[in-house]
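Dumping the structure here so I can ask a few things about it.
The values are calculated or read from the model by the stated rules, or taken from the named source; none is laboratory data. Keep in mind that what you see is a predicted model, and the values were worked out from it rather than measured. Using ideal geometry, Cβ is built from the backbone for each residue, glycine included, and neighbour counts are taken over all protein chains shown.
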Amino acid sequence: MEASGLRVALPGYLRDWQEKIEAFARRSGLDFFPQVFEVLSPDEMNEVAAYGGFPTRYPHWRWGMDYERLKKSGDYGLSRIYELVINNNPCVAYLQEGNSLTDQKLVMAHVCGHNDFFKNNYAFKITDQDRRPPERAEDMVVSRMDRLPTRRWIDTFANHAARIRRHMDRHGVTAVEEFIDVCHSLENLIDPPARMLEGRAKPAEPDEDAPAEEVPRLKASGYMDSFINPKEYLAAQRKKLDEEAAKPRRFPERPTRDALQFLLENAPLEKWERDVLEIIREEAYYFWPQAQTKVMNEGWASYWHSKIMTGYACDASEIIEYADRNAGVMGGGGKNLNPYKLGVELYRHIEERWNKGRFGKEWEDCTDLDDRLHWDRQLGLGRKKIFEVRALYTDVMFIDEFLTPEFCVEQKLFTYTWSNRNDRFEIDTREFRAIKDKLLFQLTNFGNPFIFVEDGNYENRGELLLRHDHQGVDLDQEKGKETLRNLYRVWRRPCTLATQFDGRPTLLRYDGKEHTSKRAGT
Amino acid sequence: MALKIDQDHARFRDIVKGRIRENLKRYISSGDLVARQGKDTVSIPVPQIDLPRFRFGEKQSGGVGRGEGDQGQPVDGGEEGEGEGGKGKAGQDAGQHALEVEVALDELAKILGEELALPRIEPRGKARIVADKDKYTGIQRQGPESLRHFRRTYREALKRLISAGNYDPKRPAIVPIREDRRYRGWSTSVQPVANAVIVYMMDVSGSMGDEQKEIVRIESFWLDTWLRSQYQGLESVYVIHDAAAREVDRDTFFRTRESGGTMISSAYKLCAEILAKRYPASEWNVYPFHFSDGDNWSVDDTLQCIEILKTRILPAANMFCYGQVESPYGSGQFVKDLREHLGKDERVVTSEIRDKDAIMGSIKEFLGKGR
């Protein structure tokens, strides 16, 4: 296997530009990991892109599928990959061989933005490999200035590949691949917020033989005791505790969203199967922050490539080409809301608001349209604010806090729905509230439904019960059934999903032979 | 340069072709990449396998878009909308930029080869069969001891010792263990069997207008071009007919303009003679194609055609393809007769070609895979 990373030395002129652009970016306040650029041929670029940005992944047809799509659209000139960057320390990014110098500079500038985001945004802290569960909430956001976190994901992914290859040698390609498919089918059943706390000591299991818990008493000197802790009160409390203890223990103790972890700990898996599932779970968590901050991350990188290119790196002969590329990246309308465009415009909107002091009570309370239009307190806080935003927010919070009615009008946003009558998607409304709700809904949990493991001993028969926290939109029923089938493959006992269809509580069940669906409570 | 991903890609192609992992077949959908050439759009097939997972029903959700328009107006936008969520890749495409560029039509012609193939091709005759070839192509972790690759095995052992810190340059004793062993791996490449002949028959009678002839020429031209590029040593025979039939060369076939009555049986007779004389069924895969506007001279002649097909052509052929062009003059009766008499025969494929746009679909009907 080739040692990736520093395989291709960067040509001198590109290295010069890398240094210049990085120096300018640092002067502008960006703070990023050391960067390594590699130049790849278009086919290699497609390969790396199909591997999710990594030089090596475990063998699976899914990468081949992505590769075919990328290659075909590249070969027939439909699209081109401009840039790929990996959240790794050092940060590795790829340049495509044969692109013009303007393109390469654009990519370098863009990568500086991504890299700064990877390093500073708190959501990416879960990709620190030397992370310790935080003692206090503040620990999660305070950036450690003393040393850089360990993020050797390229190595980790290569190790995963080696592990899976070994299993394939031992148990056969098809058997392992089939199990990987099952895991992929379940890979969105993870719990990113809880990942931060992973590794914390678990609360001790109550000891069966331990003497019954004492009823807590209020402190009182001897002669007052019978007044402050009256007998009847103590007896009532005693009874309550006994009842609590007599309740059947639940399994899992509390519903958990990290179904993969639950399966790892409790499903009857072979050793190699456990290892595969662990790898898939690990990689799913790696990609999660990127999904969680797509708009912010791309917006931030676009904001900076535009600042760096127009303010420093382009000369007059290159500016047209740059503008053309930039327009291509920012383009798209109709149903496709371009995250690059949305992100960059929202940052600019925030910058303008904080520069002009358009925030706070005074601004909120102002109803005079003319005043609002010419509002300018000349605070100049914009740049500071957006740096703060890039560190402390994720997409959901970003939209929730900074999307304004003015912005929606300016950017011509609308919501659309499927029209059964006309058999097509149609514009629904341009109302601010509706747009915001829809956007937030799409971004929450990255468009994934919330699924909890409710009971690992359902009906006292060792069956698995999952619950879908229904928030107004039904699941895809067919896909749900197929997924249950895969879940059965792991749990090896009947699996049930409690959800709703058309407003009715429904239980979908797969018992290893057939699917059943019945109304709950009947 | 060979890429690591080629293996994954080959695996994916095998799944799509149904060679392995048949249980995945139900998840395969045919995605399309849509290219624009001026006003025309061309779609490039890109098969896709979507593994099931818990996700929202699609059409219920809708999304947020950007642009002009009033309430109730349709929204356009490609299939790969960001708003559609759950594309199955948890944000793995972070940091890819895509630009849309226009594409030339002739470039697209190439891909068709992948989707089309001669149906029911069988190894026949000995003279021209291209044999299966085994070739040592790589290194594997398991295999017979006779194929053990000493140098690679030794190298693995060395690597293991060094990384474990057990290597002593002064006493370099290297003993490979089981995990270090490497073996030569081979792969078998299968060449398509090329012992095939295509007989193109075209109706050039007066009832075929210029437009109809044009359609037939375009269709047979593309058929011919693709089949030639796909199979080495493929032979072609060209026959044109009005009331009488004659064999012509390729150039004449695509250029000639004639007029007269129509006796389809004349062409079939000639075809049967050529096959019997030059391409015996024991040695050749035979594919006769016939194009006409479906207007035959008489019912008797039609019956005679069917007789010839049944007794002389079909027994010798792998398949018989009939393409009928719609014409303002022709009755279009012939295709109905064929279907009536031979509709149950799997070897007979009929296709009606309404206009130029239907050519592609018709070629797919003839040569589409899975027949």
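The rows are residues; the columns are (1) crowded, with 23+ Cβ neighbours inside 10 Å; (2) closer than 21 Å to residue B:246 by Cβ.
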position: B:264; (1), (2): yes, yes
position: B:269; (1), (2): no, yes
position: B:281; (1), (2): no, no
position: B:287; (1), (2): yes, yes
position: B:291; (1), (2): yes, yes
position: B:297; (1), (2): no, yes
position: B:300; (1), (2): no, no
position: B:305; (1), (2): yes, yes
position: B:308; (1), (2): no, yes
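Ok, one more. Can you run down the residue pairs with Cβ atoms below 6 Å, 6 or more apart or on separate chains, where the first is in the range A:161-181 and within 10 Å of chain B (Cβ to nearest Cβ) and the partner is of a type in the set (Phe, Trp, Tyr)?
Qualifying pairs under 6 Å: A:161/A:58.
Please list, ordered by residue number, the strands (runs of 3 or more DSSP E) wholly in the range A:411-497 having 2 or more residues that are more than 7 Å from every other protein chain (Cβ to nearest Cβ), of a type in the set (Asp, Glu) and surrounded by fewer than 18 Cβ atoms within 10 Å (Cβ to Cβ).
Correct list: empty, since no element meets the threshold.
Can you tell me which of A:392, A:403 is in contact (Cβ under 8 Å) with a residue 12 or more places away in the chain and more than 12 Å from chain B (Cβ to nearest Cβ)? Don't jump to the end; show me each part of the working.
Values: A:403 fails: more than 12 Å from chain B (Cβ to nearest Cβ).
Exactly one of A:392, A:403 is in contact (Cβ under 8 Å) with a residue 12 or more places away in the chain and more than 12 Å from chain B (Cβ to nearest Cβ), namely A:392.
Hey, among the residues in the range B:332-371 that are under 18 Å from residue B:227 (Cβ atoms) and of a type in the set (Ser, Thr, Tyr), which one's surrounded by the most Cβ atoms within 10 Å (Cβ to Cβ)?
The extreme case among them is B:362.
Identify all residues within the range A:177-198 that are part of a helix (DSSP H, G or I), under 16 Å from the mean Cα position of the chain (by Cα) and among the hydrophobic types (A, V, I, L, M, F, W, C); write none if there are none.
A:186, A:194
Suppose we filter A:417, A:429 for residues that are in contact with a strand residue (DSSP E or B) (Cβ under 9 Å, 6 or more places away or on another chain), modelled with pLDDT of 85 or more and more than 19 Å from residue A:343 (Cβ to Cβ); which single one remains?
It is A:429.
Shifting gears a bit: Please name all residue pairs, on different chains or six or more residues apart, with Cβ atoms under 8 Å, provided the first residue is in the range B:266-292 and is within 21 Å of residue B:213 (Cα to Cα) and the second residue is small (Gly, Ala, Ser) and assigned to a helix (DSSP H, G or I).
Filtered contacts from the range B:266-292: B:289/B:220; B:290/B:267; B:291/B:220.
Would you confirm, using the coordinates I've provided, whether residue B:282 is under 26 Å from residue B:326 (Cβ atoms) and either at pLDDT below 90 or out of contact with any Lys or Arg (no Cβ under 8 Å at 6 or more places or on another chain) (or both)?
No; evaluated as a whole, the condition is false for this residue.
If you don't mind, another one. How about the range A:219-331: which helices (runs of 4 or more DSSP H) wholly inside it have at least 1 residues that are crowded, with 17+ Cβ neighbours inside 10 Å and either away from chain B (no Cβ under 14 Å) or aromatic (Phe, Trp, Tyr) (or both)?
Once the helices (runs of 4 or more DSSP H) in the range A:219-331 are filtered for at least 1 residues that are crowded, with 17+ Cβ neighbours inside 10 Å and either away from chain B (no Cβ under 14 Å) or aromatic (Phe, Trp, Tyr) (or both), what remains is A:259-266, A:271-292, A:294-308, A:319-330.
For (1) out of contact with any Lys or Arg (no Cβ under 8 Å at 6 or more places or on another chain); (2) within 7 Å of another protein chain (Cβ to nearest Cβ); (3) more than 30 Å from residue A:421 (Cα to Cα); (4) at pLDDT below 80, each residue gets a yes or a no:
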| residue | (1), (2), (3), (4) |
| --- | --- |
| B:39 | yes, no, no, yes |
| B:43 | yes, no, no, yes |
| B:52 | no, yes, no, no |
| B:56 | yes, yes, no, no |
| B:63 | no, yes, no, yes |
| B:73 | yes, yes, no, yes |
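For the range B:230-241, state whether one or more residues are in a helix (DSSP H, G or I) and in the same structural domain as residue B:318 (by TED's automatic domain parsing).
Among the residues of the range B:230-241, at least one is in a helix (DSSP H, G or I) and in the same structural domain as residue B:318 (by TED's automatic domain parsing), which makes the answer yes.
Limited to the range A:467-501, what total is found for residues that are within 29 Å of the chain's Cα centre (by Cα) and either farther than 24 Å from residue B:24 by Cβ or among the aromatic types (Phe, Trp, Tyr) (or both)?
15
Take residue A:337 and decide whether it is in contact (Cβ under 8 Å) with a residue 40 or more places away in the chain, surrounded by 20 or more Cβ atoms within 10 Å (Cβ to Cβ) and assigned to a loop (DSSP other than H, G, I, E, B).
In short, yes.
Give the residue that is farthest from residue B:10 (Cα to Cα), with candidates limited to residues of the range A:42-65 that are at the interface with chain B (Cβ under 7 Å from one of its Cβ atoms) and among the aliphatic types (A, V, I, L, M).
My answer is A:49.
Looking at A:274, A:238, A:217, which is the one that is without any contact (Cβ under 8 Å) to a residue 24 or more places away in the chain and touching a Leu at 6+ places or on another chain (Cβ under 7 Å)? First the steps, then the outcome.
Values: A:238 fails: touching a Leu at 6+ places or on another chain (Cβ under 7 Å); A:217 fails: touching a Leu at 6+ places or on another chain (Cβ under 7 Å).
Testing whether each residue is without any contact (Cβ under 8 Å) to a residue 24 or more places away in the chain and touching a Leu at 6+ places or on another chain (Cβ under 7 Å) leaves just A:274.
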